[in-house]
Every structure is written in C-alpha cells, then in structure tokens.
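Have a look at the structure below, then the notes.
The values are calculated or read from the model by the stated rules, or taken from the named source; none is laboratory data. Keep in mind the model is a prediction, meaning the values are calculated, not measured. Ideal geometry is used to build each Cβ from the backbone, glycine not excepted, and the neighbour counts take in all protein chains shown. The protein model used for the area step is the full one, side chains on, heavy atoms only, and it has no ligands, DNA or RNA in it. Shrake-Rupley method; radii C 1.70, N 1.55, O 1.52, S 1.80 Å.
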Amino acid sequence: MIKAVISGTGLYTPPATIDNDELVQAFNAYVELYNERHRDEIARGELVAMEPSASGFIEKASGIKRRHVIDREGILDPERMCPRIPDRSNDEPSVQCDMAVAACNEALSRAGKTAADVDAIIVACSNLQRAYPAVSIEVQAAMGVDGFAYDMNVACSSATFGLQAAVNAVENGTARAVLVVSPEICSGHLNFTDRDSHFIFGDACTAILVERDSDVADGQGFDVLGTRLKTQFSNNIRNNFGFLNRADEEGVGKPDKLFIQQGRKVFKEVSPLVAETIQGHLESLSLTPGALRRMWLHQANLNMNQLIARRVLGRDATEDEAPVILDEYANTSSAGSIIAFHKHQSDLVSGDLGVICSFGAGYSIGSVVVRRR
C-alpha cells in the first residue's frame, strides 16, 4: 500500500511590512479626510461619521501586531488605501507565479528533491489573479515540471483541501510527488477603509511537497495519517467580486466586492465546529486529543485559536502546543496554518503527532493529522 508523506515545506515572505501603528496612522488620516469631505451629509444625518482605529484595539481583538505585504506605500496612502501592484504583460511571470516558485524551490530543497521529481502542482489559495490560463500551469512551466497542474479555491481552507487532493493523488498512484502551493495576496481583497477589518490580512506564499513513502528517507518528514474535510454554507464571510460584476454597474465598487464578514457570528459558529471536526477526526484514527504534540491552526484570530485548542484538549494549550505566527504575519488565509507548520516542526521527534487545521469562508474546515517519521 502506498502512503503519503509530507517531505518538505517552503515559505515566501514579502519583504515589506506594516505594523499596527503605521496602519492606524494611515487609517485615521483617511477617516479625517472622509469626515471632512462628507461634513454636510454627516451633519444632516445622511451619513454616519467614521470612527478612528487604535493599535491597542487591533491587538486585543486579533492578536495581530504587524503584517507582510506585497506593497506598503499604496496601503498607507490615505488618498488610495489599496496596494499598488502594477499589471504585468502576458509575457512576464505573474506575481503569484513568482511567489509560488520561491516557496516551491525551498520546499524541494528541504526535501532534497528537484523539479524533475515532481509530477503535479496544485495552486490552492483564496484569490487567483486571473481566471485562465490556470496559475498552477504557469507555475508548472516556470518550475520545469512535467505532468499536470490545476487551481483550486476553498478560501482559507484551500491549502488543507489541496493537501488532501495531493495525498489522494500520491496514494492512488496518479502522481509520485505533488507540490501544493498557496500564493496568498490577501491585501488585494482587503477593504483598508473598514475599521472592523482593515487590519486582518497579510501576504505570503507556502508550498508543501507530498511524496510516496518509499521515496522519502527514513526519519524524514511526516506521515499523513488521515485527512478530513467539512463544508457548511454560510454568508458570514463573503467576497462577491467576480466576472459578472460588470453586468450590473450598480454593484461596482460596493463593499461586498471586497472581503466582508460578520466577525462575532463567525467566532460563535466556527469555533465549536472546528473543535468537533478535529475531535471526530482523531477518534476515527483511534487517537485521543491527549496524544497531540502540536496543533498548527489557521491563523485568523488568537482568541479563536485559544478557544478551539481549549475545546479539543479540555484545557488551555501552551504556545508550544498551539504555536502562533499571527502576530507577525496576520491572517494569510490558507497559508496561515502551513506557515505555523513550516516554522514550528523542527523540534518534533519521531512518533510525535500533530494536526494541521484550517477553517474559514464557506464555511470550510480541513484537518490533516500527521506523525513525525
């Protein structure tokens, strides 16, 4: 029987950063401009005055201290409040392709493999910069991989859903090695003029190499013991941007064409659902929560992660048990749990168990239980 192994991971981190103080300064300058420009409408009660943000509020609400971004100048310009990422010609590699290649090369290097060993590439992320040709096929060409590639989108759970697809491909013999790559440019769909969400996202790209166990040296990587996926429809996290937008001019530029969410509802509804999914997944593998050495959770909100870990373990988790990268990276959508896995795995010893778990819009939840080889 062929079994799948995670043999290497990679991470591309954009060099530009924005800390909370810088973000708040730009947001509050925008608020002043908005309130001044709409002073008469606000006075007549036709519009509600915008309220300033604060660094303390952001960290308390989310645990975020800073974020990496593709472009900081456009985001911090009160007259723009949006990253400036120039269009590229069709003969140039796309931004997501560049990010993906960097992350994939690190994953291959850590696994001791080359592009010649790879049969498939899955680009799994929450936003793709074009409909077609598939970004994954562009990455395949840039990497020099012979085989097949495809894109997939399950919002913040894209990477774990992609992981299951990779595991299936390896274990059923469709491919010997699959790269799952998640180039997340979340700053591109974030409304930086919305006080409730302007601080949430950052940019990053992760890559995971999944191979058959016979091709991975003893003691290297992580055995994939099982995967579990769950979806449940909800409007509480939404982005209505799409190719039909031009068919109704009245919707152009409205807030729902960017990221919007009902944060309190998401917290209340998703947290128990994630904990139940992890617990049920462990039970199906004849494992107990107490056997977990580490939980690499989706990095969206610190309070949410602490609650989920507490529900799974029956007690508060230590930072060693549920590591946090949210403070440095913010929410990077599907890349978040993989960044945590990438940065917090080297200290594990043979036999240690862990779970990679993502959750987000859909709702969607992906759980991957692994064991250090």
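If each of residue 60 and residue 189 carries a label point 7 Å out from its Cα toward its Cβ, how far apart are those two points in nm? Taking the simple label geometry, residue 60 and residue 189 are separated by 3.0 nm.
Under 8 Å for C-alpha pairs, at least 6 residues apart: give me the relative contact order for segment 1-148, rounded to a whole percent. Could you put the intermediate results ahead of the total?
Details: 159 pairs, mean separation 43.1, N = 148.
Over segment 1-148, the number comes to 29 percent.
Accessible surface computed residue by residue for segment 158-241, with neighbouring protein chains in place and a 1.4 Å probe, gives 34 Å² per residue.
Across the chain, the relative contact order, built from alpha-carbon pairs under 8 Å that are at least six residues apart, equals 23 percent.
Please list the equivalent ellipsoid semi-axes of segment 193-348, computed as the square roots of five times the alpha-carbon gyration tensor eigenvalues, in descending order and whole angstrom. Present the calculation step by step, with values, prior to reporting the outcome.
Values: eigenvalues 208, 76, 53 Å².
Equivalent-ellipsoid dimensions as semi-axes: 32, 19, 16 Å.
Please report, largest first and rounded to whole Å, the three semi-axes of the ellipsoid equivalent to segment 1-146, where each semi-axis is the square root of five times an eigenvalue of the C-alpha gyration tensor. Intermediate results must be reported in sequence, preceding the final value.
Values: eigenvalues 351, 71, 36 Å².
For segment 1-146, the semi-axes come out at 42, 19, 13 Å.
Taking 7 Å steps out from each Cα toward its Cβ at residue 276 and residue 349 produces label points 3.8 nm apart. Listed values for segment 81-92 are Karplus-derived 3J(HN,Hα) couplings in whole Hz (6.51 cos²θ - 1.76 cosθ + 1.60, θ = phi - 60°), namely 6, 6, x, 9, 10, x, 4, 10, 5, 5, 8, 9, and x replaces Gly and Pro. Note on segment 145-235: dipole from Cβ charges, positive end direction compared against 202, 190, 162; the farthest Cα belongs to 190. Straight-line cross-link reach from residue 3 at under 14 Å between alpha-carbon atoms covers these aspartates and glutamates, not counting any fewer than eight positions away in the same chain: 171, 211, 213, 215, 218, 223.
Could you work out Rg/(2.2 N^0.38 Å) for the chain, with Rg from alpha carbons only?
On the way: Rg = 20.8 Å, N = 373, 2.2 N^0.38 = 20.9 Å.
This ratio for the chain stands at 1.00.
Explain nothing, just the number: dipole magnitude of the chain about its Cα centre with +1 on each Lys and Arg Cβ and -1 on each Asp and Glu Cβ, in debye rounded to the nearest 20.
Details: 36 positive and 49 negative charges, 215 e Å.
Roughly 1040 debye for the chain.
What is the percent carbon and sulfur in the accessible area of segment 136-246, measuring with a 1.4 Å probe over the protein chains and ignoring ligands? Present the calculation step by step, with values, prior to reporting the outcome.
Details: 2110 of 4350 Å².
Carbon and sulfur together cover 49 percent of it.
Checking every one of the GluC sites (Glu not before Pro) in segment 246-332 against DSSP loop status and a limit of 11 other Cβ atoms within 10 Å picks out 319.
How about segment 1-108: which GluC sites (Glu not before Pro) there are in a DSSP loop, with at most 10 other Cβ atoms within 10 Å of their Cβ? Before the final figure, lay out the partial values.
Numbers: sites: 22, 32, 36, 41, 46, 59, 73, 79, 106; in loops: 46, 73, 79.
Passing both the DSSP loop test and the Cβ count: 46, 79.
For residue 60, the lysines whose Cα comes closer than 26 Å to its Cα, not counting residues fewer than 8 places off in the same chain, are 265, 268, 343. Counting only alpha carbon atoms, the long axis of helix 263-284 and the longest principal axis of the chain meet at about 0°.
Modelled spin labels at residue 129 and residue 262, positioned 7 Å past Cα toward Cβ, are 3.5 nm from each other.
What translational diffusion coefficient, in µm²/s and rounded to a whole number, does the Stokes-Einstein relation yield for segment 1-79 at 37 °C and a viscosity of 0.692 mPa s, taking the hydrodynamic radius as the Kirkwood radius over Cα pairs? Please list the in-between numbers first.
Values: Rh = 15.7 Å.
Rounded to a whole number, D works out at 210 µm²/s.
Applying 0.36 nm per residue to the separation of residue 40 and residue 1 and subtracting their alpha-carbon distance, the gain on full extension is 6.8 nm.
Think of it as helices only: each DSSP H run of n ≥ 4 in the chain is worth -39500 (n - 2.57), and spread over all residues that comes to -10000 deg cm²/dmol at 222 nm.
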